[in-house]
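Structure first, commentary second.
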Amino acid sequence: MLLIPGLLDAARLAELNQLLDGAAFVPGQFSGGTAGTFIKDNLQISPRDPLYPRLNQFVTQAVLSAPAVQAYALPSRATPINFARYGAGNAYGDHVDAAIHPLSNMIVRTDLSFTLFLCPADEYGGGELVLTESGGERVVRGNAGDVVLYETGVVHRVNPVTAGTRRVAVGWIQSLVASHEHRAILYRLGQARDRLLAGSGRTPEFEAVNYSYENLLRMFSQP
């Protein structure tokens, strides 16, 4: 899991929320698949809404172009965005997201999920994103403009909102590197490479690490 604080600054967040205020939210079960009918209770913007294409482009570009997302996810393609709103009592029970997302002209393998938080954490009660990992549960409560990325195969849920309104944008990424173990190696190696370059320039040590990173990426990546 990677939490990136402040991916959207205050000005861009205000612009996005203003657009959201003009869109219509409908019951969100339409995008939850078979299981979502029983465990998903929220509102979402329909892809047929006139504002949806602009909202989708806004978030997709903001998330996928962020340097931290590029380094961590190595994105190849992404699904359309789900814009969700949770009021008091709304929740999304334990589930695993679908492995494949069909688009009109391609198939997206969902390697990584992301949640972009669109409102301050103190504007609502409950509503935590909870990831179930081998060591227990990890609770994520981002602030406005933060984004969290996590492995799509992890069981997760959204706890019931107890007060206020939770607004998020959710999407899925197909990585150039399907294996999360390989992505973890590349992410750590890439961070080390960048620190070497920033600290000492193009030293022989930097060149050795950069050589290893680029060739491992070539070895691990898929078209």
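The values are calculated or read from the model by the stated rules, or taken from the named source; none is laboratory data. Bear in mind the structure is a predicted one, so any value in this text is a computation, not a measurement. Note: ideal-geometry Cβ built from the backbone for every residue, glycine included; neighbour counts use all protein chains shown. When the accessible area is computed, the model is the full protein with side chains, heavy atoms only, and any ligands, DNA or RNA have been set aside. Shrake-Rupley method; radii C 1.70, N 1.55, O 1.52, S 1.80 Å.
Collect the residues in region 139-156 that are within 11 Å of Ala121 (Cα to Cα) and free of Cβ contacts under 8 Å to residues at least 40 places away in the same chain, keeping them in residue-number order.
Residue satisfying the conditions is Arg141 alone.
Any idea which of Ser212, Ser175, Ser179, Ser134 is modelled with pLDDT of 95 or more, under 22 Å from the mean Cα position of the chain (by Cα), of a type in the set (S, T, N, Q) and over 30 Å from Leu43 (Cα atoms)?
It is Ser179.
Exactly one condition in (1) modelled with pLDDT under 95; (2) of a type in the set (A, V, I, L, M, F, W, C); (3) under 19 Å from the mean Cα position of the chain (by Cα) is false for Ile39; which is it?
Answer for Ile39: the failing condition is (3).
For region 59-74, what are the residues that are surrounded by fewer than 19 Cβ atoms within 10 Å (Cβ to Cβ) and touching a residue at least 12 places away in the same chain (Cβ under 8 Å)?
Within region 59-74, Thr60, Leu64, Ala66, Ala68, Ala71 qualify.
Every residue in region 174-193 that is part of a helix (DSSP H, G or I) and either in contact (Cβ under 8 Å) with a residue 40 or more places away in the chain or open to solvent by less than 20 Å² (accessible area, probe 1.4 Å) (or both), please.
Scanning region 174-193 gives His180, Arg183, Leu186, Tyr187, Gly190, Gln191.
Taking region 96-112 on its own, how many of its residues are open to solvent by 20 Å² or more (accessible area, probe 1.4 Å) and either under 22 Å from Gln44 (Cβ atoms) or among the aliphatic types (A, V, I, L, M) (or both)?
The number of residues fulfilling the criteria is 11.
Does region 161-173 contain at least one residue that is farther than 29 Å from Leu16 by Cα, open to solvent by less than 60 Å² (accessible area, probe 1.4 Å) and not aliphatic (A, V, I, L, M)?
The answer is no, given that none of the residues of region 161-173 is farther than 29 Å from Leu16 by Cα, open to solvent by less than 60 Å² (accessible area, probe 1.4 Å) and not aliphatic (A, V, I, L, M).
Is it fair to say Val139 is part of a strand (DSSP E or B) and open to solvent by 30 Å² or more (accessible area, probe 1.4 Å)?
Considered against the rule, which asks whether it is part of a strand (DSSP E or B) and open to solvent by 30 Å² or more (accessible area, probe 1.4 Å), Val139 comes out as yes.
One residue is enough: does region 153-173 have a residue meeting the conditions farther than 30 Å from Tyr86 by Cα and assigned to a loop (DSSP other than H, G, I, E, B)?
Among the residues of region 153-173, not one is farther than 30 Å from Tyr86 by Cα and assigned to a loop (DSSP other than H, G, I, E, B), which makes the answer no.
Does Tyr211 satisfy the criteria of being open to solvent by 30 Å² or more (accessible area, probe 1.4 Å) and closer than 22 Å to Ala62 by Cβ?
no
State all residues of region 6-19 that are under 16 Å from Val147 (Cβ atoms), assigned to a helix (DSSP H, G or I) and of a type outside the set (Lys, Arg); if no residue qualifies, say none.
Ala10, Leu13, Leu16, Asn17
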